[in-house]
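The values are calculated or read from the model by the stated rules, or taken from the named source; none is laboratory data. This one's a predicted model, so the numbers in the text were calculated from it and none came from an experiment. Note that we place each Cβ from the backbone using ideal geometry, even for glycine, and neighbour counts take in every protein chain shown.
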Amino acid sequence: MTQKRGFEIVSKKMTDGIHTPKRSTQAAAGYDFEASEDVTIPSALSNHFFKGLSILSLGKLKNVRNNEDLQNLLKPVLIPTGIKAYMAEGEYLQLVSRSSGPIKKRIMMPNSVGIVDADYYNNDANEGEIFFQFINFGIKDVHIKKGERIGQGIFLPYLLADGDEQDTKSQRQGGFGSTGQN
């Protein structure tokens, strides 16, 4: 029998005691992903940028020299899963936050939904390891422990527009975020 879709542990984390995603209930659409290591998601209030906004004008913030510094202060935190996903042609894996994330932990995915394309699997840059990105809009840092459920993945089909087969497509050249360089 040919395998159509599923999950594997990336080779560098095979001995780390990671679990492949599973559905929690019979009717669950999503497969629960766990963090593959301990990660802290800093509170928006502990971020120097946010602290300084209420007191100082933007140009006088300590340690902020240019727009690149601001961008680095506001970056989401990537939480590794140690998991890669394979799927059939015409499918993708949709990553979504757990519904309890914003209510219980004050964390959310800044992109709302993550998309894992079929050609992300086994890419040269990171073997296709899936990461969830989060921001913390709460007043306390959030500590995610290894093995804690952080999000869900749902396999879905997609449709192509008329004439799509005539458009030139490139081969994936990287890992996380590599298809959107513009």
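For the range 81-102, what are the residues that are touching a helix residue (DSSP H, G or I) at 6+ places or on another chain (Cβ under 8 Å), more than 24 Å from Gly17 (Cβ to Cβ) and not in a loop (DSSP other than H, G, I, E, B)?
Glu91, Tyr92
Specify the residue that is surrounded by the most Cβ atoms within 10 Å (Cβ to Cβ); the eligible residues are those in the range 6-35 that are under 20 Å from Leu78 (Cβ atoms) and small (Gly, Ala, Ser).
Top of the filtered list is Ala35.
One residue is enough: does the range 43-55 have a residue meeting the conditions at pLDDT below 95, within 21 Å of Phe131 (Cα to Cα) and outside any helix (DSSP H, G or I)?
yes
Within the range 106-120, track down each residue that is exposed (fewer than 15 other Cβ atoms within 10 Å of the Cβ) and in a loop (DSSP other than H, G, I, E, B).
Answer for the range 106-120, where residues must be exposed (fewer than 15 other Cβ atoms within 10 Å of the Cβ) and in a loop (DSSP other than H, G, I, E, B): Pro110, Asn111, Ser112.
Conditions (1) surrounded by fewer than 19 Cβ atoms within 10 Å (Cβ to Cβ); (2) among the hydroxyl-bearing types (Ser, Thr, Tyr); (3) assigned to a loop (DSSP other than H, G, I, E, B); (4) under 10 Å from the mean Cα position of the chain (by Cα), marked per residue:
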position	(1), (2), (3), (4)
Lys104	yes, no, no, no
Asn122	yes, no, yes, no
Glu127	yes, no, yes, no
Phe134	no, no, no, yes
Ile139	yes, no, yes, no
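If we scan the range 13-31, do we find a residue that is modelled with pLDDT of 85 or more and part of a helix (DSSP H, G or I)?
Yes, the range 13-31 has at least one match.
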